[in-house]
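Student: Attaching a single structure in structure tokens format; questions to follow.
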Amino acid sequence: MAKIIAVVGATGAQGGGLVRAIQNDAGGDYRARAITRDANSAKAKELAALGAEVVTGDVDDEESLKRAFDGAYGAYCVTFYWAHFSPEREFAEAGNMARAAQQAGVYHVIWSTLEDTRRWIPLTDNRMPTLMEKYKVPHFDSKGQADHLFADAGVPATNLLTAFYWDNFIYFGMGPKKGPDGRLAITLPMGDRKLSGIAAEDIGKCAYGIFRNDGQYIGKTVGIAGGHLTGSEMAAAFSKALGQEVVYNAVPAEVYRSFGFPGAEDLGNMFQFKHDFNDYYCGARNLDFSRSLNPELQTFETWLERNKARIPVD
């Protein structure tokens, strides 16, 4: 009998990649249970067409999660900070998933997490502004702060450190834009430091690799990435893929924080953390390890070639 992996956020970037990885593995011993708030959505129906079981569940509703996790071998747990911009709500959602997994008797949980940056940059450290009175990088800190919830609940869990989505160049407005001089540029506050990144779908494939290792990574924190590139290296790859020059506009973190779009301060602090603690951050996301989990792991160049037609160029 196939082992069921229940996937929270199955219609999203990470969860959708995992559901597809499971269902596309024709000879595998696993079957995906796609958890979504709307089982009748177009994306949910696409997953059902792949053969996935689609069930209704909500990360804000612990009882619905317990039902969705029932009988599952594994569960992939992820939160959705950018849907509400609330660290406290994200922490509560992690607690709901941890308790539901414990009550359902799930054998292996993968918790999609990030660092609590306050371990490196205390709130008293004025090199980086404190946000919401309690955080340095809210969408990082709330996840890292929640890591212990799974252990406290007695859930066998793997903490999975993810990386910058290259898909942000398509969906989050980070793609090349024309400056006053008419030149296309990508703008990041990374100086000459490397940015760890990954194709969103590869997060799901790596997670599937962890599940397939049958508990080897329970109790461990592991990190994944598809590449570590400087802004200049990314700009050069864009230039080659798009067939027109793209330059790298390196701005200070304080300038990025001032851009004014929703989450700009959070992201400015995030990039500053990645810049200031670059050796740690990239080192925690090992490329060889990531490829061992997912032999089809895309490089940035490969991802660009496959997605260049989808990247808006302003």
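Student: When the dipole is taken about the Cα centre of segment 123-260, and only Lys, Arg (+1) and Asp, Glu (-1) are charged at their Cβ, what size is it in debye, to the nearest 20? Walk me through the numbers on the way to the answer.
Tutor: Values: 14 positive and 14 negative charges, 40 e Å.
Here the size comes out at about 200 debye.
Student: Now for a separate question. Once Rh for segment 125-196 is found with the Kirkwood sum over Cα pairs, what is the Stokes-Einstein diffusion coefficient at 37 °C and 0.692 mPa s, in µm²/s?
Tutor: Once the numbers are plugged in, D ends up at 207 µm²/s.
Student: If you don't mind, there's one more thing I want to ask. As a test of the formula, what do you get for the chain when each DSSP H run with n ≥ 4 contributes -39,500 (n - 2.57) and the sum is divided by the residue count, at 222 nm and rounded to the nearest 500 deg cm²/dmol?
Tutor: Values: 13 runs with 128 residues, N = 314.
Taken over the chain, the calculation gives -12000 deg cm²/dmol.
Student: Students often check this: by mean Cβ neighbours within 10 Å, which of 284-292, 10-18, 245-253 ranks highest, and how do the rest follow? Please list the in-between numbers first.
Tutor: Values: 284-292: 16.0, 10-18: 23.7, 245-253: 18.1.
Top of the packing list down: 10-18, 245-253, 284-292.
Student: Sticking with this structure for a sec: Whose amide H sits under 5 Å from the amide H of Val247, counting only residues 5 or more places off or on another chain, with H placed in the peptide plane?
Tutor: So Val247 has HN proximity to Leu184, Ala185, Ile186.
Student: What's the angle, to the nearest 10 degrees (0 to 90), between helix 231-242's Cα axis and the longest principal axis of the chain?
Tutor: 80
Student: Right, here's the next one. Relative contact order of the chain: what whole-number percent is it, with Cα pairs under 8 angstrom and at least 6 residues apart? Numbers along the way, then the final one.
Tutor: On the way: 635 pairs, mean separation 51.6, N = 314.
Computed over the chain, the figure is 16 percent.
Student: I would also like to ask the following. For q values of 0.10 Å⁻¹, compute log₁₀ I(q)/I(0) with the Debye formula on a Cα-only model of the chain, without solvent.
Tutor: Log-scaled intensity ratios, in q order: -0.56.
Student: How large, in percent, is the carbon and sulfur part of the accessible surface of the chain at a probe radius of 1.4 Å? Could the numbers behind the result be given before it?
Tutor: Numbers: 6550 of 13370 Å².
Roughly 49 percent, rounded to a whole number.
Student: How would you classify segment 1-129 from its alpha-carbon gyration tensor, with a ≥ b ≥ c the square roots of the eigenvalues: rounded for a/c under 1.5, else prolate if a/b is greater than b/c, otherwise oblate? Write out the running numbers ahead of the final one.
Tutor: Values: a/c = 1.99, a/b = 1.89, b/c = 1.05.
Prolate.
Student: Using the crude model of +1 on Lys and Arg Cβ and -1 on Asp and Glu Cβ, and no other charge, please compute the dipole size for the chain relative to its Cα centre, in debye to 20.
Tutor: So the dipole magnitude of the chain works out to roughly 440 debye.
Student: Among bridges DSSP assigns within the chain, what percent are antiparallel (round to 5)?
Tutor: Details: 7 of 38 bridges.
Bridges in the chain are about 20 percent antiparallel.
Student: Based on DSSP, what percent of beta bridges with both residues in segment 1-99 are antiparallel, to the nearest 5? Don't skip to the end; give the middle numbers.
Tutor: Working: 0 of 12 bridges.
The antiparallel fraction comes to roughly 0 percent.
Student: In segment 86-237, if the dipole is taken from +1 on Lys/Arg beta carbons and -1 on Asp/Glu beta carbons about the Cα centre, which of Ala151, Gly95, Ile110 is farthest to the positive end?
Tutor: Farthest along the dipole direction, towards plus: Ile110.
Student: When a/c reaches 1.5 or more, the comparison of a/b and b/c decides; with that in mind, is segment 253-303 rounded, prolate or oblate per its Cα gyration tensor? Walk me through the numbers before you get to the answer.
Tutor: On the way: a/c = 3.62, a/b = 2.00, b/c = 1.81.
It comes out prolate by the Cα gyration axes.
Student: Pick from Leu131, Leu114, Leu65: which is most flexible by mean-square fluctuation in a GNM of the chain where alpha carbon atoms under 10 Å apart are linked?
Tutor: The residue with the greatest mean-square fluctuation here is Leu131.
Student: Return the sequence-ordered ³J(HN,Hα) values of segment 43-55 in whole Hz as given by the Karplus equation 6.51 cos²θ - 1.76 cosθ + 1.60 applied to θ = phi - 60°, using x for Gly and Pro.
Tutor: Values per residue, Gly and Pro as x: 5, 5, 5, 4, 5, 4, 5, 7, x, 6, 7, 10, 10 Hz.
Student: For segment 1-32 and segment 186-241, what is the centre-to-centre distance using only Cα atoms, to the nearest Å?
Tutor: Value for the Cα centre distance between the two parts: 20 Å.
Student: How long is the gain from Phe91 to Lys134 if the chain were fully straight, where each residue apart is worth 0.36 nm and the alpha carbon distance is subtracted?
Tutor: Numbers: separation 43, 0.36 × 43 = 15.48 nm, distance 1.33 nm.
Contour length minus Cα-Cα distance gives 14.1 nm.
Student: Answer rounded, prolate or oblate for segment 130-283, using the Cα gyration tensor with square roots of eigenvalues a ≥ b ≥ c: rounded when a/c is under 1.5, else prolate when a/b is larger than b/c, else oblate. If you can, show how the numbers build up before the last one.
Tutor: Values: a/c = 2.56, a/b = 1.55, b/c = 1.65.
Oblate, since a/c reaches 1.5 and b/c is not below a/b.
Student: May I pose another question? Which value, in Å², gives the accessible area per residue of the chain when a 1.4 Å probe is used on the protein heavy atoms?
Tutor: Numbers: 13370 Å² over 314 residues.
Normalised by residue count, the accessible surface of the chain is 43 Å².
The values are calculated or read from the model by the stated rules, or taken from the named source; none is laboratory data. From a predicted model like this one, the values you see are computed outputs, not experimental measurements. No Cβ is skipped: glycine too gets one built from the backbone with ideal geometry, and neighbour counts run over all protein chains shown. SASA here: full protein model, heavy atoms, side chains in, ligands and nucleic acids out. Shrake-Rupley method; radii C 1.70, N 1.55, O 1.52, S 1.80 Å.
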